[in-house]
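Comments concern the structure below.
The values are calculated or read from the model by the stated rules, or taken from the named source; none is laboratory data. Nothing here was measured: the structure is a model prediction, and the numbers come from that model. Positions of Cβ are backbone-derived with ideal geometry, glycine not excepted, and every protein chain shown enters the neighbour counts.
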């Protein structure tokens, strides 16, 4: 018999054994447990037929429909599972831990595999995701105006042994109007939340986790409200980098992209830049003067960031002025400051 496990047991065992998600391809695409393998019992169309039979006719009718689809696929499913894992053990789940996962578990056991079943299925995982944002943990925020190379500094933190979660990497977006350039399409909101939970779960709760300062939205993905509130209440180390250095960094980072993509990004913030500034920035792109275009945009983003920073409790913000973008040096200095528990520094 398959061994039913709760979500906490699942989170530990999934580090050791492959997870098979037997929901339909559409369900998996919308949101799934990070690292899970898709092994659909039904196609999206077949799932709709079974669901309709259950709602409009009877449970027995739905089971009969399901068996009609399941029977011819049994060997194919078993072979697919074997390709995923040549070992002997699997963890299986569906939406609520019902007939779909039970059917695949039965099949895999028939082939001699050991099977764990996630009690409550994917729904129990989602419950754990949403509840996790209440967990107590120390969060520190790396802030700074646009162009302060915060992402590079966070990567340096990792090299120096710090725990870091890169929210922009999870969201496939760097936050500004230019943030989608060079990135994969953004995940669904549900998948973004799942990835955040997965990364948080891998961290040591007794140690600090560093995050980049963000607005509530990263592109079209929202940071979960409870978690965002924790971020806003956490100590923030604000990188005060000279305008010209940040402008040069932005030009190097984004100036390499196609001019039409840059113009589209600028056009998206026309209402915020104003008609004249937008026109000037677009003309600068056309003449190849990307730095002049970014200068206009950077002045707008500076005002926006300063407005958000000023809404924070001043005692939680540590001002960290640097006159050069020395990534390694800045990272070491910030870590040193975070350990000292001071509230303000001056240079």
- Restricting attention to region 69-83, does a residue exist that is in contact (Cβ under 8 Å) with a residue 24 or more places away in the chain, closer than 20 Å to residue 14 by Cα and either in contact with a strand residue (DSSP E or B) (Cβ under 6 Å, 6 or more places away or on another chain) or in a loop (DSSP other than H, G, I, E, B) (or both)? no
The residue from 146, 151 that alone is in contact with a helix residue (DSSP H, G or I) (Cβ under 6 Å, 6 or more places away or on another chain) and either assigned by TED's automatic domain parsing to the domain that holds residue 237 or farther than 24 Å from residue 322 by Cα (or both) is 146
When restricted to 132, 176, the only residue crowded, with 16+ Cβ neighbours inside 10 Å and within 21 Å of residue 203 (Cβ to Cβ) is 132
Considering residues that are in contact with a strand residue (DSSP E or B) (Cβ under 7 Å, 6 or more places away or on another chain) and more than 26 Å from residue 36 (Cα to Cα), the number found within region 179-237 is 12
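Table: residues versus (1) in a helix (DSSP H, G or I); (2) modelled with pLDDT under 95.
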residue	(1), (2)
105	yes, no
112	no, yes
117	no, no
123	yes, no
135	no, yes
140	no, no
152	yes, no
157	yes, no
170	yes, no
Among helices (runs of 4 or more DSSP H) entirely inside region 252-347, those with 2 or more residues being more than 30 Å from residue 210 (Cα to Cα), in contact with a helix residue (DSSP H, G or I) (Cβ under 9 Å, 6 or more places away or on another chain) and touching a residue at least 40 places away in the same chain (Cβ under 8 Å) are 259-267
Of the residues in region 15-35, those that are touching a strand residue (DSSP E or B) at 6+ places or on another chain (Cβ under 6 Å) and either free of Cβ contacts under 8 Å to residues at least 40 places away in the same chain or outside any loop (DSSP other than H, G, I, E, B) (or both) number 4
Of the residues in region 89-112, those that are in contact with a strand residue (DSSP E or B) (Cβ under 8 Å, 6 or more places away or on another chain) and surrounded by 24 or more Cβ atoms within 10 Å (Cβ to Cβ) come to 90, 91, 92, 93, 94, 101, 104, 105
Among (1) buried (at least 16 other Cβ atoms within 10 Å of the Cβ); (2) within 22 Å of residue 268 (Cα to Cα); (3) within 13 Å of the chain's Cα centre (by Cα); (4) touching a residue at least 40 places away in the same chain (Cβ under 8 Å), residue 200 falls short only on (2)
The correct count of residues that are surrounded by 13 or more Cβ atoms within 10 Å (Cβ to Cβ) and more than 27 Å from residue 339 (Cβ to Cβ) in region 284-327 is 17
Residue pairs qualifying under the 9 Å Cβ cut-off, at least six apart or on distinct chains, with the first in region 2-14 being surrounded by fewer than 18 Cβ atoms within 10 Å (Cβ to Cβ) and the second being assigned to a loop (DSSP other than H, G, I, E, B) and modelled with pLDDT under 95, are 4/97
Residues of region 84-100 being part of a helix (DSSP H, G or I), farther than 15 Å from residue 17 by Cβ and touching a residue at least 60 places away in the same chain (Cβ under 8 Å), in sequence order, are 100
When every residue in region 50-63 that is part of a helix (DSSP H, G or I) and more than 18 Å from residue 23 (Cα to Cα) is compared, the one nearest to the chain's Cα centre (by Cα) is 55
Taking region 232-249 and the residues there that are at pLDDT 95 or above and assigned to a helix (DSSP H, G or I), the one that is nearest to residue 293 (Cα to Cα) would be 247
